[in-house]
Number of protein chains: 2
Amino acid sequence: MSTLDTSSTGLQALLSPGTARSAVLPVVRQRVSALEPTLARICCYHLGFTDERGDPAGAGSGKLTRAALMTTAAEGVGLRPEDVRTQAAALELLHNSTLVHDDIIDADELRRGRPAAWKVFGASLAILAGDALQALSLQMVVDDPGPGRAEVSSAFAEALRLVLSGQSREFTVRLGSGADIAAYDRIVEEKTSALLVCALVTPALRAGRPERVLAALRGAGRHLGLAFQILNDVEDIWGDPAVTGKPVRGDIRRRNPSFPVLAALAADSPVGERLRGLWHGDGTAAAHLQEMADLVEESGGRHTAERVSRGHLDSALEHLGRAELAPAASAELAVQFDRIVNRTT
Amino acid sequence: MSTLDTSSTGLQALLSPGTARSAVLPVVRQRVSALEPTLARICCYHLGFTDERGDPAGAGSGKLTRAALMTTAAEGVGLRPEDVRTQAAALELLHNSTLVHDDIIDADELRRGRPAAWKVFGASLAILAGDALQALSLQMVVDDPGPGRAEVSSAFAEALRLVLSGQSREFTVRLGSGADIAAYDRIVEEKTSALLVCALVTPALRAGRPERVLAALRGAGRHLGLAFQILNDVEDIWGDPAVTGKPVRGDIRRRNPSFPVLAALAADSPVGERLRGLWHGDGTAAAHLQEMADLVEESGGRHTAERVSRGHLDSALEHLGRAELAPAASAELAVQFDRIVNRTT
């Protein structure tokens, strides 16, 4: 069991925004740049290090949400940020591997305001690039010799399995006859919560913390994922595309399982009836999407979603409080949870 | 260091064909069937356990070449086949993950005489299914608690990295200005040899064998891959599609790096000149392909390929002889090497 290190140096560094970026991004960049040249070029483009021609484009995109959680959780169990730097970088790579493939799967042409990797390099090479990120991520944790190596490797492999399972469930629901809230929760626990759980438990595994701590962190990550995803679904319908970076109402257009819609579809009312008719039809014109959005709001779907998301955030914080972390790190994680859910970062 | 176990029971079982299949296939089947239902269905289809509707189709397809090598190599270092059963199953899953994605990347519509997974289930779900096989494979080795767990996990992650690197190099060469034999060798060492090396070294890693044994096994796998791939390229041009299971001359049609062609392209003769003109043109009609095949043969490309392949097989056997394996297992591996290269299984 490691001793707690709540030295102000470590935590001050953490509490300043951008610490995870400055600690983890160089590792991400160095490892990705060492891939086979074509794969390196695609991955560096996807990660925002380079532009479509391979020229330097900036410091890299993405908020490194998962790396920041892992780095702060490390402080919480008495480790230094550098003790989980490799794992934090690997988790960001794992997350990005799923994004590269996701954009192909969903035929999404934009990612972080730029053409998606498959639009620039073709789907074939983008499939290989996503595979390469996935393989590199697992190789990094498998090869890192620190304590808890086997347990952390298992946690990463399990997280990836769950994400893929959730993506497949979501895709199947989209093709099929719809989902209920229970199916939705399961999808989100797999595709969204799994990587957040991995971020939170990895430092505890390295520090050899007992099962009750791991269970609390798993619960925190699970509810955090649900709180985030449900509010994300709300933003997909009523948010500002300039803020979300995505075309509005993509979930309704694709008949993706979306919490506000599922809540409204269950309503036993004429409004719910009308919504069910439209949802199970194939209309995707802007007027159709607008009408469905209005019906969801009228049925109380938006209100329910916002309420349930808040409930999950409360539960996440409750679990966090039981994880026996150093108080300052725990407080910083609480702030991060709130920012993740309310997208204020 | 484990003691050698050359008991006749173990080796007799090995020497009878189909042992790897009967030992490893149930593990493959059980693990794949436990995936999320849609992913399980696609993977079971790809592996030949089920048909397109999900009904039972047979005992599974594929020769399990890599599992057979690993199982025999295990006997060679004094382990029992069951000591590497999980790893052998995982290696077959890793190999199959690359096949599922490969068929999408190359738009190959047939795999083992049946429609490829992406033709049946769509590219989106096939991408996820390939990802799931890759993740499952690594999860199996990472979670298996036996000796050499970390080393074997590293070997698997490295093998996957190399395969993806080789596939990307091959794809890039195909799009670009051609390759020479040195580039070809590197591609094959990565995309073909890496999994064969993994098959041969995994048991030695579990048995704690010294570096000189690992180096000999790596050399054997490297040359085995080259010997196999070069003769495979010959068969692609002059083989019987009924035997190869693929449309004839796919490599020439796609301007894939192919050893006999590369050898012939280097010929400083009018025949070589004519071939270079056709190869760098875009003709894919049957008559074009036939003329190129004839020119390759006339330039001596086929003869050179067959000679070089034999040389690599000899080198593979030479390295095998230095791996200090139990003689009976070593002899059985020699037979397997020959069968792999000459496709007589």
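The values are calculated or read from the model by the stated rules, or taken from the named source; none is laboratory data. Because the structure is a prediction, the values reported are computed rather than measured. Because the Cβ atoms are built from the backbone with ideal geometry, glycine has one as well, and the counts that use them run over all protein chains shown. Accessible surface areas use protein heavy atoms only, side chains included; no ligands, DNA or RNA. Shrake-Rupley method; radii C 1.70, N 1.55, O 1.52, S 1.80 Å.
General remarks:
- Checklist (1) farther than 22 Å from B:Ala73 by Cβ; (2) surrounded by 24 or more Cβ atoms within 10 Å (Cβ to Cβ) applied to B:Val243, failing item: (2)
- Scanning the stretch A:113-122 for residues that are assigned to a helix (DSSP H, G or I) and touching a strand residue (DSSP E or B) at 6+ places or on another chain (Cβ under 8 Å) yields a total of 1.
- The stretch A:322-345: number of residues that are in contact (Cβ under 8 Å) with a residue 12 or more places away in the chain and part of a helix (DSSP H, G or I): 13
- Residue that is part of a helix (DSSP H, G or I), more than 9 Å from every other protein chain (Cβ to nearest Cβ), among the aliphatic types (A, V, I, L, M) and open to solvent by less than 30 Å² (accessible area, probe 1.4 Å), where the choices are B:Leu164, B:Leu195, B:Leu136, B:Leu128: B:Leu195
- The set of residues in the stretch B:298-310 that are part of a helix (DSSP H, G or I) and open to solvent by less than 30 Å² (accessible area, probe 1.4 Å) comprises B:Gly301, B:Ala305, B:Ser309.
- Being away from chain B (no Cβ under 14 Å), of a type outside the set (Gly, Ala, Ser) and touching a strand residue (DSSP E or B) at 6+ places or on another chain (Cβ under 9 Å) is a property that A:Glu82 lacks.
- Applying the condition of being among the hydrophobic types (A, V, I, L, M, F, W, C) and more than 8 Å from every other protein chain (Cβ to nearest Cβ) to the stretch B:139-155 and asking which residue is most open to solvent (accessible area, probe 1.4 Å) yields B:Ala155.
- Filter pass, A:Ala183 being open to solvent by 20 Å² or more (accessible area, probe 1.4 Å), within 14 Å of chain B (Cβ to nearest Cβ) and within 23 Å of B:Gly148 (Cα to Cα): no
- Conditions (1) of a type in the set (Phe, Trp, Tyr); (2) closer than 30 Å to A:Glu82 by Cβ; (3) out of contact with any Cys (no Cβ under 7 Å at 6 or more places or on another chain): number failed by A:Phe171: (2)
- For the stretch B:44-84, residues that are open to solvent by 10 Å² or more (accessible area, probe 1.4 Å) and β-branched (Val, Ile, Thr) total 2.
- Subset tally (residues that are within 10 Å of chain A (Cβ to nearest Cβ), open to solvent by less than 10 Å² (accessible area, probe 1.4 Å) and over 14 Å from the mean Cα position of the chain (by Cα)) for the stretch B:85-124: 1
- Single match in A:Leu275, A:Leu262, A:Leu295, A:Leu313 (criterion: farther than 19 Å from A:Arg174 by Cβ, part of a helix (DSSP H, G or I), touching an Asp or Glu at 6+ places or on another chain (Cβ under 9 Å) and in contact (Cβ under 8 Å) with a residue 24 or more places away in the chain): A:Leu313
- Filter result for B:Arg253 (among the charged types (D, E, K, R), at pLDDT below 90 and within 20 Å of B:Ile105 (Cβ to Cβ)): yes
- No other residue among B:Gly113, B:Gly166, B:Gly146 is on the phi > 0 side of the Ramachandran plot and in contact (Cβ under 8 Å) with a residue 24 or more places away in the chain apart from B:Gly113.
- Some residue of the stretch A:334-344 being open to solvent by 60 Å² or more (accessible area, probe 1.4 Å) and of a type in the set (Asp, Glu): yes
- Hits in the stretch B:56-112 - residues which are touching an Asp or Glu at 6+ places or on another chain (Cβ under 9 Å), part of a helix (DSSP H, G or I) and of a type in the set (Asp, Glu): B:Glu75, B:Asp102, B:Asp103
- Some residue of the stretch A:255-278 being aliphatic (A, V, I, L, M) and exposed (fewer than 14 other Cβ atoms within 10 Å of the Cβ): no
- Subset of the stretch B:166-217 that is farther than 18 Å from B:Gln336 by Cβ and hydroxyl-bearing (Ser, Thr, Tyr) - its residue that is farthest from the chain's Cα centre (by Cα): B:Ser177
- Per this entry, A:Glu92 is not counted among residues that are at negative phi and in contact with a strand residue (DSSP E or B) (Cβ under 7 Å, 6 or more places away or on another chain).
- Residue within the stretch A:204-223 that is open to solvent by 20 Å² or more (accessible area, probe 1.4 Å), charged (D, E, K, R) and in contact with a Ser or Thr (Cβ under 8 Å, 6 or more places away or on another chain) present: yes
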